[in-house]
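Participant: Dropping a structure here in structure tokens format, bear with me for questions.
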Amino acid sequence: MPDFPASHPLRATLSVLSICFAYLQTVLLTIGTWELIKERKFDRTKLWSLIGVALTLATITALLYANDVEADTERHFVRVSIRAAVTGIGFMIVGIWLLIVPSEVKSLGRKLLSVAFIIYGLQQMHYFVTGLLPLLDISYQIPYRSHLALIDFFLLALMGVGMLFWLLENERRDLEKANADLDSFFYSTSHDLRSPIASILGLTYLAKMESKDAETIELFEKIEGRVKKLDEVINDILNYSKNTKRSLSHKTLDFTALLDEVIEGVEFAKGASQIRLIYDRDKDTSFIGDKDRLTAILNNLISNAVRYHDLSKSDPYIKVDFEKTGSRIIITVEDNGVGIEEKDHEKIFEMFYRASNDSQGSGLGLFIVRETVKKLKGSILLQSKKGEGSVFQLNLPNPEL
């Protein structure tokens with residue numbers, strides 16, 4: 001780079017630009033941090049006013065010595081040291097600000113950024129001191145001078161990482177809040193729909209009782225069937241919402257009693273009375289678990305086994321087994337119903353997936369089962385063959401209270 005004379009116009013221009021950059025950097029850094037902390041935009045009129053003041057002060061400061069031929073040391077102090085001082089003070093103020101301003105959430109990115117700002121500010125003050133010492137006729141050689149570029153690079157990288165972490169953490173919190181709001185909307189909306197659905201079912205039942213025409217009764221039965229299907233979908237949405245919102249609640253349970261409750265809820269379903277239940281009651285079935293979630297899982301699996309039974313077989317059955325192995329429990333639900341094609345084994349656990357056009361469910365049941373099993377930190381396996389039946393095996397933890 002050519003060495004311009006002290007009086008060269010380009011040297012004066014560079015001095016002005018250098019100081020302007022330092023002042024602007026400090027203003028924008030402070031305003032940007034203020035917006036992150038307060039989570040709102042800074043007033044644009046005030047921002048432009050601050051920028052105008054900063055540029056004016058920078059220009060005046062730079063021009064004081066820009067054309068003074070005899071003032072090399074003073075000019076270097078104005079062009080480099082004052083810029084470093086302004087930058088360093090700005091970074092340190094913002095870093096300390098980030099540390100002392102209370103935050104509702106813990107943020108690793110915010111901590112990294114505040115530490116990097118303070119250290120970088122101190123390093124900039126070092127540049128100020130090195131420019132000030134010659135003015136005081138003090139000669140001092142900084143021992144780590146050859147490593148300053150590496151230190152600069154490390155601190156800038158640390159600031160970049162801190163800012164990235166902070167922004168990602170904010171994005172994550174925004175997404176979590178949006179998901180929570182969406183879950184609450186689904187839950188409240190679904191819950192509010194249950195009452196009118198119950199009223200429609202009641203009125204449909206009364207209409208069937210009063211009607212004498214067979215075709216009219218058939219139409220009311222179809223309406224009743226569609227409304228019940230809608231109620232089933234809403235109930236599945238409520239179960240999914242409860243699973244995502246509510247924390248785990250472990251207590252001592254008896255699997256046999258839990259199974260009896262589920263069976264009682266499906267015993268009047270179409271064809272249920274013709275299906276044989278196989279279950280060994282003569283063993284210890286106590287365990288630690290979340291009752292509501294286990295009930296939802298069993299209800300979905302056994303309801304599906306009843307819904308997709310095959311009454312053309314000589315002995316339609318549902319076999320339920322419960323085993324304790326150390327700190328785990330194994331629950332198996334087996335049937336000899338219509339079965340599931342191998343190509344659909346993974347897909348049936350997806351939301352709203354239907355293995356065929358004849359599927360009678362909402363498409364949410366097995367999705368809820370999988371998500372609930374995940375919540376319980378367990379796993380589920382499926383073995384099934386079209387026309388022969390299905391086996392669902394749950395492997396769940398049996399924690400100590």
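Each value in this text was obtained by applying a stated rule to the coordinates, not by laboratory testing. All figures in this text were calculated on a predicted structure; none of them were measured in a lab. Note that we place each Cβ from the backbone using ideal geometry, even for glycine, and neighbour counts take in every protein chain shown.
Participant: With labels modelled as points extended 7 Å from the Cα through the Cβ direction, what inter-label distance (nm, one decimal) is found for LYS41 paired with ALA257?
Facilitator: 6.1
Participant: Then there's this: Would you mind computing, in nm to one decimal, how far apart the modelled labels at LEU164 and GLN274 are, each placed 7 Å from Cα along Cα→Cβ?
Facilitator: Distance between the two pseudo-spin positions: 6.4 nm.
Participant: Once the piece of chain linking SER184 and GLN383 is laid out straight, how much longer is it, given 0.36 nm per residue of separation minus the C-alpha distance between them?
Facilitator: 68.1 nm
Participant: Straight distance only, please: which lysines reach the Cα of LYS106 with their own Cα at less than 17 Å, same-chain residues fewer than 8 apart left out?
Facilitator: Candidates past the 8-residue exclusion: LYS38, LYS177.
Participant: Return the lysines within reach of LYS324: Cα separation strictly under 29 angstrom, same-chain partners fewer than 8 residues apart disregarded; answer none if there are no such residues.
Facilitator: Result set, ordered by chain and number: LYS242, LYS245, LYS251, LYS283, LYS291, LYS374, LYS375, LYS377, LYS385.
Participant: Below 9 angstrom from the Cβ of PHE322, what's the summed charge of the other residues (Lys, Arg +1; Asp, Glu -1)?
Facilitator: Within the 9 Å Cβ shell, the charges total -1.
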